[in-house]
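One structure below.
The values are calculated or read from the model by the stated rules, or taken from the named source; none is laboratory data. Being a predicted model, the structure only gives us computed values, none of them experimental. When we count neighbours, we look across all protein chains shown, and the Cβ atoms used for this are built from the backbone with ideal geometry, even at glycine.
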Amino acid sequence: MGKNLLLPIILFSGLMVPSCSTVQVCEGPFTIEWNNQAAEGKQEYLNSFHVVEGNTTGPNILLILVDDLGRDDISVYNREGVPTPNLKRLAESGITFTNAYSTSSVCSPSRASMLTGRYQHRFGYERQPMNRYPGSRLEYFMVDHFVNTEPMRLLNPMATPPREDVKKQGIPPGEILLPEILQTGGYRTGILGKWHLGFNDPFLPNSRGFDYQYGFYEAFSRYALPGDPDIINYKHDCFANRHIWRQKRKGPCAIRENDSVIVEEEYLTFAIADQTIDFIERHRESPFFAYAAFNAPHTPFQVPVEYYNRFAHIEDKNKRVYFAMISALDDAIGRILDKLEGDHLLENTLILFASDNGGATYTGATDNGSLNAGKMTQFEGGINVPLIISWKSRVLSGTLYAEPVSLMDLFSTALAASGIEGPTDRVIDGVDLLPYLTRQKDGAPHKVLFWRTDFNKSVRFENWKFIWNTRDDQVFLFDLDSDKSEKINLARRNPELVRKFMDEIRNWEKGLKAPSWPGVMEIHFEINGEETWWAI
């Protein structure tokens, strides 16, 4: 019996394993514990200031986050990239960062860090949230031996949290999110699009500082209703994407408005733009924080035929749909910018645009251009992301910024712009970038940046990038000034630097928390001729 034939028998029959309609788990060594001291500090901080709605003098803040967009896939960074005239317009009005980094090469931990201004490892958010674990050791054995999950494989040994702890996967209640601060400070707050920071209360957007929520809770959702004749689909024949297509718009993939499931008939990228525009219109007279969290161009690959036809010169349907999705995304962002401009709000709106991580090379639709590898790895293609910051008449326009920065910095930058002082009872790793963008400060905002997902660890210090697989004893050392594409491994030639960076990582880890929940899978890549495995 073939692997693909066994898949539905193992995962979806009630004979061998429990039903998948609810989360099924085995007792295991992982237990999620919340930091009561952090929760008390958070409440004391939020109680320390209160602004009557509409009385704050801070600017509007628009955070546009896109999903799995490779930096070199857009014309702002690469002349050969997809034409993105609206992002170019945004770049010309602000600052384009050439060395902006996410703190993770996958969606959810990156977003957790961005909204808290902290390395996600400080509160145990090292892994993607998982709402499905092997239901028994028999199921684990059968999937591991008979289901084709390439290029992924199940982690071994199986480690599964207790049933109730699976529901606790999300940003701990004691962590302070940017929308919680801004909401307390008098802003009207809305998330329009993808959440992916917890599927149950108290982790849902309306419980974490957002007055209004539109979108979905999962990592993905379908862009269109089934059978729409104006939509072109491309289905990747791999384990993870077969799962995505099966999920449809059910459960955490459902489209919701303030936690009520709704039917969305419009192409989702355009619907997110519409909702963002409507939110701006409703709150144009008082300061707002709009978090436009697009899921494009994350899988599943779906795009209106009108955009597909724009790229008739591309023979590969996979790439053609991907490029068309980026083009549709650019148009959607352009409509939001048009709204701000038409309502004369640009001078009083801080605009932050970024991707949560690099392009997903495993789709075959992108190779991240000049950057090595992609999503799920800590090579530049996985963590060096597009970032543009614009604030008319306040920051320099049409300029490039080359010093390394982090998406964590968006938290501190937004707070500084709002005039609200951040919390002092915890480490905030993000840096206010505004003094650097207005030439009030020189030098680099960060001396060093770190990454960790289980056995995969990295550090960037000045021109050096060090990558360390502690499980498989692999080390990579690159001089990014001369080798941005990370092709020449200098580790053997520089043993002292290797030891130095290992020590730097160990010292950094002393201030971190162990992961609060385990992963399920790891993924295989061949990079620079070497076999590597990456935790998810």
Can you name every residue in segment 49-58 that is at pLDDT 70 or above and exposed (fewer than 11 other Cβ atoms within 10 Å of the Cβ)? THR57
Quick check on segment 260-279: of everything there that is in contact with a strand residue (DSSP E or B) (Cβ under 7 Å, 6 or more places away or on another chain) and not in a helix (DSSP H, G or I), which residue is farthest from ASP228 (Cα to Cα)? ILE262
Output for Cβ contacts, cut-off 9 Å, separation at least six or different chains, first residue crowded, with 16+ Cβ neighbours inside 10 Å in segment 250-263, second modelled with pLDDT under 95 and in a helix (DSSP H, G or I), reads CYS253/ILE244; CYS253/GLN247
Scan segment 131-146 for residues that are buried (at least 19 other Cβ atoms within 10 Å of the Cβ) and among the hydrophobic types (A, V, I, L, M, F, W, C) and report the count. 2
List the pairs whose first member sits in segment 397-417 and is in contact (Cβ under 8 Å) with a residue 40 or more places away in the chain, whose second member is part of a helix (DSSP H, G or I) and not aliphatic (A, V, I, L, M), and whose Cβ atoms are under 6 Å apart, counting only residues at least 6 apart or on separate chains? GLY398/GLU92; MET408/SER113
Cβ-Cβ under 7 Å pairs, at least 6 apart or on other chains, segment 480-499 side within 21 Å of LEU449 (Cβ to Cβ), far side loosely packed, with under 10 Cβ neighbours inside 10 Å and basic (Lys, Arg): none
ASP442 - would you say it is among the charged types (D, E, K, R), surrounded by 19 or more Cβ atoms within 10 Å (Cβ to Cβ) and either modelled with pLDDT under 95 or within 28 Å of PRO518 (Cβ to Cβ) (or both)? no
Name every residue in segment 460-489 that is closer than 25 Å to ASP72 by Cα and not in a strand (DSSP E or B), in order of residue number. GLU462, ASN463, LEU480, ASP481, SER482, ASP483, LYS484, SER485, GLU486, LYS487, ILE488, ASN489
Taking the residues in segment 178-201 that are under 15 Å from the mean Cα position of the chain (by Cα) and in a loop (DSSP other than H, G, I, E, B) as candidates, determine which candidate is farthest from THR269 (Cα to Cα). LEU197
Apart from one, (1) modelled with pLDDT of 95 or more; (2) buried (at least 19 other Cβ atoms within 10 Å of the Cβ) all hold for THR160; the odd one out is (1)
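Residues checked against (1) in a helix (DSSP H, G or I); (2) not small (Gly, Ala, Ser):
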position: SER221; (1), (2): no, no
position: ASP228; (1), (2): no, yes
position: HIS236; (1), (2): no, yes
position: ARG246; (1), (2): yes, yes
position: PRO252; (1), (2): yes, yes
Filter segment 274-310 down to the residues that are polar (S, T, N, Q) and at pLDDT below 95 and list them by number. SER286
Kindly check whether there is at least one residue in segment 337-345 that is in contact with a Gly (Cβ under 9 Å, 6 or more places away or on another chain) and basic (Lys, Arg). no
